[in-house]
Amino acid sequence: MEISGKITHKFPLQSGESKSSGKPWQLQAYVLETQEQYPRKVYFEIFGEQRIKDNPCEIDDLVTVSFDIESREFNGRWYTSIRAWQVKQGIVDNAAQQPAGATAPAAAQSTAAAAQPANERPAAQPMAETAIPNVETFDSVAGSTDDLPF
């Protein structure tokens, strides 16, 4: 999965030793804010010293984060982690990556149509009239017919 946005928070580097193997570990956490009409904030982590070095991020960087989501249970409660495995500098435009022949989102289509001069726009098509069948319902308790669904 991928998400793009601006880094708004960078938390202090966490480190420790694994209880089972005794190996050292590092974890770097960030908050990313999406660049949408209604921005969302997403907390994510990069785990491992090498991954942290390979994917440096700073506050106000525009990035695209590739990540995995995992949930786990502990003492009857569930916890969800978003672990990044790659951070690319810059925002990847998903619309530009659509395969040939894929349809653009409706908002993009309407924006493109609005950008055309009026004399080049296709004429509006009238809606086709469809016959609505006359359906009656029968209320077996009251013995009456009406058009109410209950």
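Condition check: under 15 Å from MET1 (Cα atoms), in a loop (DSSP other than H, G, I, E, B) and either more than 17 Å from the chain's Cα centre (by Cα) or not acidic (Asp, Glu) (or both). Does VAL92 satisfy that? Yes, satisfied. A search for C-beta distances below 9 Å between a residue of segment 1-25 that is free of Cβ contacts under 8 Å to residues at least 24 places away in the same chain and any residue that is among the charged types (D, E, K, R) and assigned to a loop (DSSP other than H, G, I, E, B), counting only pairs 6+ apart in sequence or on different chains, returns GLU17/LYS23.
Here's the yes/no breakdown for (1) free of Cβ contacts under 8 Å to residues at least 60 places away in the same chain; (2) on the phi > 0 side of the Ramachandran plot; (3) surrounded by 15 or more Cβ atoms within 10 Å (Cβ to Cβ):
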{"position": "GLU45", "(1), (2), (3)": "yes, no, yes"}
{"position": "GLN50", "(1), (2), (3)": "yes, no, no"}
{"position": "ASN55", "(1), (2), (3)": "yes, no, yes"}
{"position": "ILE59", "(1), (2), (3)": "yes, no, no"}
{"position": "VAL63", "(1), (2), (3)": "yes, no, yes"}
{"position": "ILE69", "(1), (2), (3)": "no, no, no"}
{"position": "ARG77", "(1), (2), (3)": "yes, no, no"}
{"position": "ILE82", "(1), (2), (3)": "yes, no, yes"}
{"position": "GLY90", "(1), (2), (3)": "yes, yes, no"}
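So is TYR38 exposed (fewer than 15 other Cβ atoms within 10 Å of the Cβ) and either more than 21 Å from the chain's Cα centre (by Cα) or without any contact (Cβ under 8 Å) to a residue 60 or more places away in the chain (or both) or not? Yes; evaluated as a whole, the condition is true for this residue. Checking VAL65 against (1) outside any loop (DSSP other than H, G, I, E, B); (2) out of contact with any strand residue (DSSP E or B) (no Cβ under 8 Å at 6 or more places or on another chain); (3) closer than 16 Å to ILE7 by Cα, which single condition isn't satisfied? The failed condition is (2).
Within segment 7-47, the set of residues being in a strand (DSSP E or B) and among the polar types (S, T, N, Q) comprises THR8, GLN14, SER15, GLN26, GLN28.
The set of residues in segment 1-35 being among the aliphatic types (A, V, I, L, M), buried (at least 16 other Cβ atoms within 10 Å of the Cβ) and farther than 15 Å from TRP85 by Cβ consists of ILE7, VAL31.
A short reminder: the numbers here are calculations on the coordinates, not readings from a lab. Values in this document were obtained by computation on a predicted structure and should not be read as measured data. FYI the Cβ positions are ideal-geometry reconstructions off the backbone, even for glycines, and counts take in every protein chain you see.
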